[in-house]
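Participant: Structure in structure tokens, see below.
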């Protein structure tokens, strides 16, 4: 059952309960349960193919689970009809790994898209908001540029500006540091921390970048073999007795991989 409070009295913004996801006969997520506290940076991590992106798609309502619940402030989105779900999704920002910008639109037009699609804001207010959101991510001068004129890091920032266009309380970010050099990745980490502090956004981030996790995460959830094997703080993860968790945070290769290379 979805609840409105955690045992310690804190309010979870998202609750996932006994989530099972299948692709055909293959079980991808198996009985996954966890809470995401409001206003935190919550990182989902794990090896390739462990179900991270699948979990993200279920949490945003893009996929329906085989069984289980995904609750926003006590409301189970797996039971909502299309219109009700769309109302919830308007309060969710999603920044995709590639930025997922429309190449035929300028950066400013990409950021304006959610406002034009979901609101009746007047055009002058839309333009003012576009400038504000681009300024927040350090791209004020890129408003008239096309996506092809942006670097990889700038595309991710532009995608983040679009994700926060409607002031969502929750933003999902899939692999923010993927493909970025360490300096650009660190700058993006700082931006995420700033947006959390300035706007009170709850971030749910999928990543396997260890330095980013250590820098930004309030709590982490580790998936392995479709199961949630750990949930806690980074400090707790670093001292965990769970072999897979320690292996990840100590960056140790699997034994069979080590043997293959020796």
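The values are calculated or read from the model by the stated rules, or taken from the named source; none is laboratory data. Source: prediction; values computed, not measured. As a convention, Cβ positions derive from the backbone with ideal geometry for all residues, glycine included, and neighbour counts pool all protein chains shown.
Participant: Just to be sure before I move on: is residue 239 under 30 Å from residue 135 (Cα atoms) and at pLDDT 90 or above in the structure I sent?
Facilitator: no
Participant: Filter segment 221-247 down to the residues that are touching a strand residue (DSSP E or B) at 6+ places or on another chain (Cβ under 7 Å) and more than 25 Å from residue 22 (Cβ to Cβ) and list them by number.
Facilitator: Once the filter is applied, which keeps residues that are touching a strand residue (DSSP E or B) at 6+ places or on another chain (Cβ under 7 Å) and more than 25 Å from residue 22 (Cβ to Cβ), segment 221-247 yields 232, 233, 234, 237, 240, 242, 245.
Participant: Can you name the residue in segment 174-200 that is farther than 26 Å from residue 240 by Cα, surrounded by 18 or more Cβ atoms within 10 Å (Cβ to Cβ) and in contact (Cβ under 8 Å) with a residue 60 or more places away in the chain and, of all such residues, is farthest from the chain's Cα centre (by Cα)?
Facilitator: Restricting to residues being farther than 26 Å from residue 240 by Cα, surrounded by 18 or more Cβ atoms within 10 Å (Cβ to Cβ) and in contact (Cβ under 8 Å) with a residue 60 or more places away in the chain, the top hit is 196.
Participant: Moving to a separate point now. What about residue 117, is it within 28 Å of residue 146 (Cα to Cα), assigned to a helix (DSSP H, G or I), over 18 Å from the mean Cα position of the chain (by Cα) and modelled with pLDDT of 90 or more?
Facilitator: No.
Participant: How many residues does segment 220-244 hold that are within 16 Å of residue 40 (Cα to Cα) and crowded, with 19+ Cβ neighbours inside 10 Å?
Facilitator: Adding up the residues that qualify gives 2.
Participant: Go through segment 89-114 and count every residue that is in a loop (DSSP other than H, G, I, E, B) and closer than 24 Å to residue 39 by Cα.
Facilitator: 5
Participant: Another question about this same structure. Looking at segment 11-39 only, could you name the residues that are part of a strand (DSSP E or B), surrounded by fewer than 18 Cβ atoms within 10 Å (Cβ to Cβ) and without any contact (Cβ under 8 Å) to a residue 60 or more places away in the chain?
Facilitator: Listed by number, the residues that qualify are 18, 20, 22, 23, 26.
Participant: Can you give me the number of residues within segment 81-114 that are under 13 Å from residue 162 (Cβ atoms) and more than 19 Å from the chain's Cα centre (by Cα)?
Facilitator: 9
Participant: Name the residues in segment 43-53 that are at negative phi and crowded, with 21+ Cβ neighbours inside 10 Å, would you?
Facilitator: Once the filter is applied, which keeps residues that are at negative phi and crowded, with 21+ Cβ neighbours inside 10 Å, segment 43-53 yields 43, 44, 45, 50, 52.
Participant: Mind checking which residues of segment 72-86 are out of contact with any helix residue (DSSP H, G or I) (no Cβ under 7 Å at 6 or more places or on another chain) and either crowded, with 21+ Cβ neighbours inside 10 Å or in contact (Cβ under 8 Å) with a residue 24 or more places away in the chain (or both)?
Facilitator: Selection gives 73, 74, 75, 76.
Participant: Another question, then. Within segment 127-164, work out how many residues are in a helix (DSSP H, G or I), surrounded by fewer than 18 Cβ atoms within 10 Å (Cβ to Cβ) and touching a helix residue (DSSP H, G or I) at 6+ places or on another chain (Cβ under 6 Å).
Facilitator: 1
Participant: Can you tell me which of (1) buried (at least 18 other Cβ atoms within 10 Å of the Cβ); (2) modelled with pLDDT of 90 or more is the one residue 215 doesn't meet?
Facilitator: Evaluating residue 215 over (1) buried (at least 18 other Cβ atoms within 10 Å of the Cβ); (2) modelled with pLDDT of 90 or more leaves (1) as the failure.
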